[in-house]
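The values are calculated or read from the model by the stated rules, or taken from the named source; none is laboratory data. The shown structure was predicted, so the numbers you read here are calculated from the model rather than taken from an experiment. Backbone-built Cβ (ideal geometry, glycine too); neighbour counts: all protein chains shown.
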Amino acid sequence: HIRAFAAFASVTTVVCIAQGMYINPIFWIVLRLIMGYCIAGLYIVIESWLLAGTTLSTRGKVLAIYMMALYSGQGLGQFLLDLSDPHTLIPFCFVAILTALSVVPVTSTYEKSPELDDHERLNFFKLYQLSPSGVMGCFCSGLILGAVYGLLPFFVKQIGYGLSDIALIMGLAIFGGMILQYPIGHLSDIFSRRRVLLSIVIATLGMSIAIILLDSYRWFLFIGIFIFGGLTFTLYPLCISLACDHIDGEDFVSAAGGLLLSYGVGATIGPMIAPAFINQLGPKGLFIYFVLVCVFLAGFISWRSKTNAPVPLDEQQQYVAVPRSSAVATEMDPRLEELEANQENDT
C-alpha cells in the first residue's frame, strides 16, 4: 500500500505540472484520464488503510471523521484559486506540492500494509431489481455533481463574477453538503426514506429554478448555492441508504460498488451533456439541465412509489454519510455489521 500510494501520488504530481506546462484540449483529456485513475487509486489506498486500522465499534466514528476531513479539504481547496493567477503555472505547482507532501506521512509509518477480504460480486441487474430507485438515484446524483464540479465555476464566471467569487461559491457548495448531510440524514431515519429522497429532489429542482430567476442578486446566489450544494451532496448517501434497506449483509459491499459505478457513469456523462444546454440557452442552461435531471428522477421515484410499497420505518437501516471515492470506504459503514448480524439471527 505504501508503494502504491507513492506511485499514484508521484504520477499525479507529474500530471499536475504537465497540465500547466502545455495547455491543449486533447493533451488535457489524456492527462485528466490518467489523473482520475491515480486519484481513485489514492482513495482506495487511504480507505483500505483506515478500514484495516479500525474495529467494528470504531468504524462509524472513523468514517465520520474521514468524511469531515474530505469535505473540509475539498472546500478549503477552492480558495487556493485566490493565491495565484490561474493563467500561470503556480496553481498547478500548489497542487503538485500538496500531492507530494501527502506521501510524507504514509512513507513515515511503521504500520504493516492492510489485508482486505474478498467479497462476492453482486450482479448489477440484480442490484437494480433490488433497489431501482437507489441505482437510478446514484446515477442522477452523478449527472448533477459531475456537472457541478466541472461547470459551476464556468457558470459563475459567465454571469459576471470574478475569481474570488468562484472560489467562494464552490466552497459554499461543498460546505453546504458537509453541514446539511446529518440533518437530512436524520430526517430519512425518522420518515420514509423514499419520501425524503423525493422531497430532496423536488427541493433541488425548486432551488435550481430560484437560481435561474434570481442569480443577479449576489446575496441570494451565495445562499442559494449553499443550499443547492447541501441538497445535491446528500443525494448519493440517501440513495445508498435507500438501497441498503433492501440488501442482505453479505451483498452490502459489492452492492455499494455497483452503486458507486452507477454514480461514476453519471458523473462521467453529466459534464458531457450539460454543455449542450449552456451552448443553446446560455449560462443558465446549466441549471435548466439540473431541473430536467431532477424532473426525471422525481418522476421515476414517484412511479416506483406507486408500484412498490416503501420499507417500514422500523426496518430501515440508519442513515450514514458515505464518500463517493471508492467502495472500500463502505466496509467501514457501521450498517454492515448490523446487516450481517441480522442475517445470522435469521438463519
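State all residues of the range 18-34 that are exposed (fewer than 14 other Cβ atoms within 10 Å of the Cβ) and part of a helix (DSSP H, G or I); if no residue qualifies, say none.
Residues satisfying the conditions are M21, P25, I26, F27, I29, V30, R32, L33.
Going by the conditions given, is L231 under 27 Å from D165 (Cα atoms) and surrounded by fewer than 21 Cβ atoms within 10 Å (Cβ to Cβ)?
Values: under 27 Å from D165 (Cα atoms): yes; surrounded by fewer than 21 Cβ atoms within 10 Å (Cβ to Cβ): no.
Here the answer is no, as L231 does not meet what is asked.
Taking S208, is it hydroxyl-bearing (S, T, Y), over 22 Å from C140 (Cα atoms) and touching a residue at least 40 places away in the same chain (Cβ under 8 Å)?
Against the criterion (hydroxyl-bearing (S, T, Y), over 22 Å from C140 (Cα atoms) and touching a residue at least 40 places away in the same chain (Cβ under 8 Å)), S208 does not qualify.
Out of F277, F287, F252, which single residue is of a type in the set (F, W, Y), assigned by TED's automatic domain parsing to the domain that holds Y128, at pLDDT below 90 and surrounded by 16 or more Cβ atoms within 10 Å (Cβ to Cβ)?
Residue meeting the stated conditions: F252.
Just to be sure before I move on: is I65 at pLDDT below 85, of a type in the set (V, I, T) and under 23 Å from the mean Cα position of the chain (by Cα) in the structure I sent?
It is true that I65 is at pLDDT below 85, of a type in the set (V, I, T) and under 23 Å from the mean Cα position of the chain (by Cα).
Would you pick out the residues in the range 155-169 that are surrounded by 16 or more Cβ atoms within 10 Å (Cβ to Cβ) and part of a helix (DSSP H, G or I)? If you could, list the steps in order and put the result at the bottom.
As a first pass, look at the range 155-169 and keep what is surrounded by 16 or more Cβ atoms within 10 Å (Cβ to Cβ): 155-156, 161, 165-169.
Result: F155, V156, D165, I166, A167, L168, I169.
From the residues in the range 171-225 that are hydroxyl-bearing (S, T, Y) and over 23 Å from S302 (Cβ atoms), which one is surrounded by the most Cβ atoms within 10 Å (Cβ to Cβ)? Write out each step before concluding.
The first filter runs over the range 171-225 and keeps only residues hydroxyl-bearing (S, T, Y), leaving 182, 188, 192, 199, 204, 208, 216-217.
Keeping just the survivors that are over 23 Å from S302 (Cβ atoms) gives 182, 216-217.
Details: Y182: 14, S216: 9, Y217: 12.
The qualifying residue surrounded by the most Cβ atoms within 10 Å (Cβ to Cβ) is Y182.
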